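Take a look at the structure set out below.
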Amino acid sequence: MKVVIEVEEPYSLDLSMSPSFISSLYVKLGPNEWAKIAGTLGGSLKLRQVGPSRVEAECALDVPRRLLEEVVVLELGAWHPPFEDLVPKLPSRFRWAAEALSTAYPGVRLPIAPHDFNHVFISVSLSRRANYERFVLRWCRRIWELFNGDLEAIARSSPEELAKVGSSYQVAQLREMASDLLSIPHRLSSIASDLRLPRIRSHLDLLKLKPEEARLVLLRGCRYLGPKAADALILDSFKAPHFIPCDVHLRTVARRLQLAPEGLAVPDKQRCSRYTCIEGVVEGVKGCPRANNCLRAWMMGLSEAGGWFQTLCYIHGSSTCRTASPRCSSCLIASQCPSAST
Ligand code: SF4
Ligand code: SF4
């Protein structure tokens with residue numbers, strides 16, 4: 001079955017898919033052409049951008065058309081209109097950079113896969129302090145082959161079985177992380193006694209919570225899962241475009257473009273497990289005392305464009321404004337950059 005999805009311009013399948021953790025469920029076949037290899041419709045779905053506002057989805061399985069369209073719209077990021085439309089409304093301290101970066105990298109959206117939450121959790125967990133292109137994609141593909149993304153099988157696995165994926169600590173810790181996530185429903189009353197949450201039967205019911213509630217529960221309930229990874233997991237599986245994973249590229253680009261005051265702290269697990277950045281977002285949880293000195297809280301001035309702006313910084317930081325050696329001579333926004341080296 002083939003469906004054509006109309007996407008409002010500007011839209012780029014490559015620029016939306018590549019920086020997203022959803023790309024770990026795909027292989028890139030060519031320019032603007034991706035095949036899904038794991039998760040829902042894995043092995044059966046191909047996506048191809050066939051025009052500035054058209055994406056063709058071809059599915060080898062006989063699934064209801066509505067289901068196919070629903071999955072594809074989410075994974076393309078087409079569930080949200082172009083973030084470029086929000087730029088004129090951004091605070092002036094961010095607006096010029098959002099304009100410059102989105103002109104350099106047009107059509108970026110935020111793919112999400114709530115239906116593949118386990119896979120996204122695995123990919124995000126493996127990405128802690130690891131290069132996504134070099135390591136995480138390779139580990140994920142091996143895990144899809146060996147465990148098919150089955151968290152229970154991973155939680156039951158032996159160290160020897162996981163060692164077939166890789167010898168890094170990120171892979172070794174995946175067993176405990178999977179086991180922690182799966183056991184959250186049984187531990188909810190102890191880890192979230194101060195939150196007024198409904199009972200959840202499965203960890204997948206976390207998707208029914210407010211994203212800020214899910215963030216608190218994930219950080220409290222999963223060893224090794226820090227704020228950056230929790231934010232990335234939520235950004236890639238909830239409709240929460242205001243979530244901002246504070247990765248190294250956001251820190252670097254924000255500093256070089258002078259988008260934030262010098263010396264802001266990065267989110268830390270201890271505070272993020274206890275507070276919300278803004279008081280009142282989650283009933284019964286206090287606002288963070290560090291909110292006026294934290295990069296995430298500062299960047300939340302971007303509101304609904306926060307996750308998109310972070311993605312632009314990821315694309316720019318990983319390709320051009322690299323932390324160790326920025327490529328100013330080939331930078332598309334050099335003429336506006338206060339840190340450009342000539
Ligand atoms: S303001 Fe506090 S709760 Fe919010 S990200 Fe920063 S450290 Fe975490
Ligand atoms: S000019 Fe250099 S420092 Fe400025 S954004 Fe471009 S690569 Fe980064």
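The values are calculated or read from the model by the stated rules, or taken from the named source; none is laboratory data. All values derive from a computational prediction rather than experimental measurement. So basically every Cβ, Gly included, is an ideal-geometry build from the backbone, and we count neighbours across all protein chains shown.
A few notes on this one:
- Residues (within 10 Å of ligand 1 (Cβ to nearest atom) and assigned to a loop (DSSP other than H, G, I, E, B)) located in the range 256-266: Leu264, Val266
- Lone qualifier among Arg142, Arg196, Arg187 - being out of contact with any Pro (no Cβ under 8 Å at 6 or more places or on another chain), closer than 26 Å to His249 by Cβ and surrounded by fewer than 18 Cβ atoms within 10 Å (Cβ to Cβ): Arg142
Let's see how each residue does on (1) among the polar types (S, T, N, Q); (2) surrounded by fewer than 17 Cβ atoms within 10 Å (Cβ to Cβ):
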residue: Pro19; (1), (2): no, no
residue: Ser24; (1), (2): yes, no
residue: Leu29; (1), (2): no, yes
residue: Trp34; (1), (2): no, no
residue: Leu41; (1), (2): no, no
residue: Leu47; (1), (2): no, no
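- For beta carbons closer than 8 Å, sequence separation of 6+ or different chains, a first residue in the range 88-116 that is under 30 Å from His203 (Cβ atoms) and modelled with pLDDT under 95 and a second that is buried (at least 21 other Cβ atoms within 10 Å of the Cβ) and of a type outside the set (A, V, I, L, M, F, W, C), there are no qualifying pairs.
- Residue check: His249 meets all listed conditions (1) within 16 Å of ligand 2 (Cβ to nearest atom); (2) free of Cβ contacts under 8 Å to residues at least 24 places away in the same chain; (3) touching a Gly at 6+ places or on another chain (Cβ under 8 Å) but one, namely (2).
- Filter result for Leu216 (touching a residue at least 60 places away in the same chain (Cβ under 8 Å), assigned to a helix (DSSP H, G or I) and hydrophobic (A, V, I, L, M, F, W, C)): yes
- The one condition from (1) touching a residue at least 60 places away in the same chain (Cβ under 8 Å); (2) in contact with a Leu (Cβ under 9 Å, 6 or more places away or on another chain); (3) surrounded by 15 or more Cβ atoms within 10 Å (Cβ to Cβ) that Met1 does not meet is (3).
- Counting only helices (runs of 4 or more DSSP H) wholly contained in the range 267-342, the ones carrying 1 or more residues that are in contact (Cβ under 8 Å) with a residue 12 or more places away in the chain, more than 9 Å from ligand 1 (Cβ to nearest atom) and in contact with a Cys (Cβ under 9 Å, 6 or more places away or on another chain) occupy 295-299, 306-319.
- Those residues of the range 277-290 which are closer than 14 Å to Leu264 by Cβ and within 22 Å of the chain's Cα centre (by Cα), in sequence order: Cys277
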